[in-house]
Each structure stands twice: as C-alpha cells, then as structure tokens.
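Working notes for the structure below.
Bear in mind that the values in this text are calculations on the coordinates, not laboratory data. Only a predicted model underlies this, so the values are computations on that prediction, with no experimental measurement involved. So basically every Cβ, Gly included, is an ideal-geometry build from the backbone, and we count neighbours across all protein chains shown.
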Amino acid sequence: MFVRCAALCFVMAGSLPAQDAPAPSPSAVPALTQDQIRDLIRKTADNDMENDKKQRDYTYIQREEQHKLDGKGQTKSVEIKTSDILEIYGEQVERLISKDDKPLSEKDANKEEEKIQKLIDKRKNESEDERQKRLAKEEKQREEDHKFVLEVADAYNFRFVGTEMLDGREAYVIDGDPKPGYEPHLKPAKILPKFRFRAWIDKDEAEWKKVDIECVDTVSFGLFIARIHKGSRIVIEQTRVNNEVWLPQHISMKVDARIALLKDFNLNDDITYRDYKKFRSESKIVPLGEAGDSN
C-alpha cells in the first residue's frame, strides 16, 4: 500500500526543501554510507510488499478533507468524506458513510449499499479463471510498484542526516536529491528527477515511517492533459499496527496543477486512517443502518 501510495504521490505532489525541515536531534548512530542507504531503501521496498498483503486482512476508517483554493490561496470550498474500507472476497472496497462529518441521507446510504451488493454478487459469480486473472493483475501491479521504489534507490544521491524519535521509535533521517544525468529505466520512473525528498525509516524494522516529498520542476503528463507545478507537496506517514504490520496513518497534500491547459486548480488534501481491525473469516457486511447497533 505504501509503495503504491508513494508512487502515486510522486506523480501528484512534493514537500518542503530539505534545508527548511527541522533538524533531527543529535545522535551517536554512525552515519550511513550511500550504499548502505540504497540497501536500506531496497529493504523497505521488500517490507512494504509484505505490508500490502497484510493490509488486506484489515478493515479501517478513512477520512478525507479536501480544501479547494482560489488564486490567492484562500479556501473557496471544503469537502469531507468518511468511508469504511472493507474486505470483500479478498478485495478492499470503500463504502462512504458520511459527508462533511454528517451521516448520509437515506438515499445516498442505499446507493452505497447497492454498490457493495453489486460487487458481492459479481464476486460470487466469478469463475475460477476470472478470479485467477484478477489476482494475477493485482500481483503484477504490486510488482511494478516494487520495481518503482527499487529504482528510487538508484535514481538519487543520498545524505544521512541523523536519527529522530517518531512515536517513541528511532528513525533514520535521509535526504534524497535527484542524481544528475540519471536516465530512469522504468517509464513511470521518468518523473523521479522532478522530485526530492526526506525520508524517516524505522531503525529497528526498516519500514517507512514518514516521507516528505517536494516537486522541484514542472511535471507534465500527456501533450495537453495535466501539469503539476513546482512547489507541490506531500507528506505521507505510516504507523505500526497490531505489532505485525505498518499501515497508512496520515497523508497531507498541497497540489498546484493545471488540467488540459484550461483550468488551474489548487487544493489542500488531508487524509487520516484509523480504527484498524483485523478482518476475520466470520466477519460479515451489515447494512449501514445496523452498523451502529453491532457493538
């Protein structure tokens, strides 16, 4: 999940320059070399593949608050969506449960129920061949995400900043700057020279705790499709859950973009994840109206 999220976020946004970030606390930990840092990033990529698989065993709540800004950076509209993330036949599904921190209307709640039921019916009637093709497609996507992060290890020059305590755990703090003249091997990785980042990697478990990414040059997609402007930003954080897996905790984005060379848009997006619960085989989907009576 984190690899996939980070890959998407490299496309969408970035973070504050490393020199503007607060300096980590002094540490007696020996500095990591460039090769040690690259090995560490590859290890986090491997670990994140396992996190992605384990995340499918969990249900949780996702809350997204999006502020659309005008040309002066002032908020012109706010939209808040809260969703249950469910597991249905091995697939994670989002079920909207509130808008603007208010319960859905009966009409909207019924639409969400219908959406879920359609998926359940579809999966029930899925042939074994269709299921295997779907799972193979998902596995291929995970492998592509994994290769993307492995290329991050090769595409940057790294600097060991020190260590810092985050949520009571010690993390390595590492800055990454695009390697001059580097030619990406993967097509999605061609955007990497447009970004730099600071990463916090858990010292004991080699897991991404936090990454703060900065767009340092305009990124274009397609001839006239989209353009992400310099200065866009994203911060992604993970947390350790159930002493067995690292899962998303918080994503904060500030995006300055233009779509189809016609419409500029600025937005601040804040996403939080909470109430992780391990999915059990005896768990079942209940109608939204009954969910509050399940305790």
Excluding residues fewer than 8 places away in the same chain, name every one of the lysines whose C-alpha is closer than 19 Å to that of K209.
K43, K53, K54
Point-to-point label distance, L135-E64, nm (Cα→Cβ direction, 7 Å offset):
2.9 nm
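Provide the packing ranking of 122-132, 202-212, 48-58, i.e. peptides ordered by the mean count of other C-beta atoms within 10 Å per residue, highest first. Can you show the working numbers first?
Values: 122-132: 10.6, 202-212: 19.6, 48-58: 17.5.
In descending order of packing, they fall as 202-212, 48-58, 122-132.
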